[in-house]
1. If I go through region 23-36 residue by residue, how many of them are surrounded by 15 or more Cβ atoms within 10 Å (Cβ to Cβ) and either of a type in the set (A, V, I, L, M) or part of a strand (DSSP E or B) (or both)?
2. For Glu20, only one of the following conditions fails: (1) on the phi > 0 side of the Ramachandran plot; (2) open to solvent by less than 50 Å² (accessible area, probe 1.4 Å). What is its number?
3. Evaluate the following for Ala40: is it out of contact with any Phe, Trp or Tyr (no Cβ under 7 Å at 6 or more places or on another chain), more than 12 Å from the ligand (Cβ to nearest atom) and among the aliphatic types (A, V, I, L, M)?
4. For region 1-22, give me each residue that is more than 9 Å from the ligand (Cβ to nearest atom), over 13 Å from Tyr42 (Cβ atoms) and part of a strand (DSSP E or B).
Amino acid sequence: MKDPVCGDEVRTPKYRLVFEGKEYFFCSPMCMAEFKKSPAKYKQI
Ligand SMILES: [Zn+2]
């Protein structure tokens, strides 16, 4: 899985978020918070 915010490879999917029916994984709570702030910027089509 790839962190959509920083582009890093996520090996341990600790931080998971479902947005518009899609699953996203993040490397840190900071990246997850950043995604939540502006999901339209980071969401995958
Ligand atoms: Zn990240």
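1. The initial filter retains those residues of region 23-36 that are surrounded by 15 or more Cβ atoms within 10 Å (Cβ to Cβ), namely 24-28, 31-32, 34-35.
Subsequent filtering for residues that are either of a type in the set (A, V, I, L, M) or part of a strand (DSSP E or B) (or both) retains 24-26, 32.
Qualifying residue count for the region: 4.
2. (2)
3. On the way: out of contact with any Phe, Trp or Tyr (no Cβ under 7 Å at 6 or more places or on another chain): yes; more than 12 Å from the ligand (Cβ to nearest atom): yes; among the aliphatic types (A, V, I, L, M): yes.
Considered against the rule, which asks whether it is out of contact with any Phe, Trp or Tyr (no Cβ under 7 Å at 6 or more places or on another chain), more than 12 Å from the ligand (Cβ to nearest atom) and among the aliphatic types (A, V, I, L, M), Ala40 comes out as yes.
4. Glu9, Arg16, Val18, listed by residue number.
The values are calculated or read from the model by the stated rules, or taken from the named source; none is laboratory data. The structure presented is a predicted model; accordingly, all values stated were derived computationally and were not measured. Positions of Cβ are generated from backbone atoms using ideal geometry, with glycine treated the same way; all protein chains shown enter the neighbour counts. When the accessible area is computed, the model is the full protein with side chains, heavy atoms only, and any ligands, DNA or RNA have been set aside. Shrake-Rupley method; radii C 1.70, N 1.55, O 1.52, S 1.80 Å.
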